[in-house]
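The values are calculated or read from the model by the stated rules, or taken from the named source; none is laboratory data. Keep in mind it's a predicted model, so treat the numbers as computed, not measured. For neighbour counting, all protein chains shown are included, and Cβ atoms are generated from backbone atoms with ideal geometry for every residue, glycine included. In case anyone asks, the SASA skips ligands and DNA or RNA and just uses the protein heavy atoms, side chains included. Shrake-Rupley method; radii C 1.70, N 1.55, O 1.52, S 1.80 Å.
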Amino acid sequence: MEPHLLDEVLSLLEKFDLSYQLHVENHSQLVQGIYQKFPSLVPKKKPDSFPHKWPVKCPSDRKEYQLLIQLHTKFIPCGFFEKLSVRLNRMLSLHLDWRYGFVGILKNDTGDILCECFDDKNEFGSLLVALRMKKNAECSKNAWVQLFPLIFTIREVLQHYPCVMAHMFIVCSHCLKLKETNPSLEPQLFDVDHVLLSSKLPKSVKCKNGVMMKPIPLAEACPVRGQIIGDEIKQEHINHISETMAGKWKKLATKLPLKVGIAKCMTAIEQIETQSPGELKQQCVDMLTEWVTSADNATKSHLCECLRKIDKVKTAHEIEKMN
């Protein structure tokens, strides 16, 4: 295949979340040291090295946090986990994977993560996301900083399956500790929408498995989407986009979207054009600046997903690599 055609094919595969780039070091025989990995083609069996990479008992110097997503269907929708794997692996360095799960490390090296689909006893298709972080005074705050982009990404993927109802829960950390000595224990689940994403966060919560205990403190510093460390949009990102693809700023504006609703979005686009007639770069800067300051979903990860949707895969890669 001609090199330019290969680049187009790979861009399409990434755009439709069928594959992702896998950088391989110290393999000179590989062309440019880059693989294109397809989650749908990895083995179904969990690797034998899984217990070594993810011990059953959380190490003593780590604290574990879990999200449980229950899909109200008796099966995992076709393509759901493959699409999710592609998007999440842009945030991770992969240790090992199998058809319906993987273990990786966050690219900022702050924690190990397990993501696995399974069918639970209630006949729900479920997705478990577990994060193990080094214990310190800031670990609870940092855990939610890392988990919040994952929550947002999972919800984006679920939007491709409108017929699938899903509920997302936080698994009580107190129960996780008790479960190490009592595997049959049913942990307390806290609804993400009612706890993490509410405008007023409770300072503590009651646990059904700890009635004799004091209320358990909740991570009070749950980040707002636009303030997530490492996922915020910076001026250098805006400038880079205006330099490389100013001519497509209106197409990007409709994908983000700049405003909710087609009519409002088109009105906002017209106002930006009127303010800087004929100056595409400035129009692009103005559009992104307005979106960042007003939208709830103004994160770098969402911006990169929208860039891929308008065939700007290379620009998305460049933004992801920037600090």
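A few points about this structure:
- Within segment 42-54, tally of residues that are closer than 29 Å to residue 174 by Cβ and either open to solvent by 50 Å² or more (accessible area, probe 1.4 Å) or within 20 Å of the chain's Cα centre (by Cα) (or both): 4
- Residues that are polar (S, T, N, Q) and either modelled with pLDDT of 70 or more or surrounded by 12 or more Cβ atoms within 10 Å (Cβ to Cβ) (or both) were ranked within segment 161-208; the one that is nearest to residue 72 (Cα to Cα) is 188.
- Taking residues in segment 156-168 that are over 14 Å from residue 125 (Cα atoms), and partners anywhere that are open to solvent by less than 40 Å² (accessible area, probe 1.4 Å) and among the aliphatic types (A, V, I, L, M), the pairs with Cβ atoms closer than 7 Å and at least 6 places apart or on different chains are 157/84.
- Whichever residue in segment 240-259 is among the aliphatic types (A, V, I, L, M) and outside any helix (DSSP H, G or I) and, among such residues, is modelled with the highest pLDDT: 256
- Scope segment 72-87; condition modelled with pLDDT under 85 and either among the hydrophobic types (A, V, I, L, M, F, W, C) or open to solvent by 50 Å² or more (accessible area, probe 1.4 Å) (or both); matching residues: 72, 74, 75, 76, 78
- Residue within segment 297-320 that is over 16 Å from residue 11 (Cβ atoms) and open to solvent by 50 Å² or more (accessible area, probe 1.4 Å) present: no
- Considering residues of segment 244-294 that are hydrophobic (A, V, I, L, M, F, W, C) and open to solvent by 70 Å² or more (accessible area, probe 1.4 Å) only, the residue farthest from the chain's Cα centre (by Cα): 280
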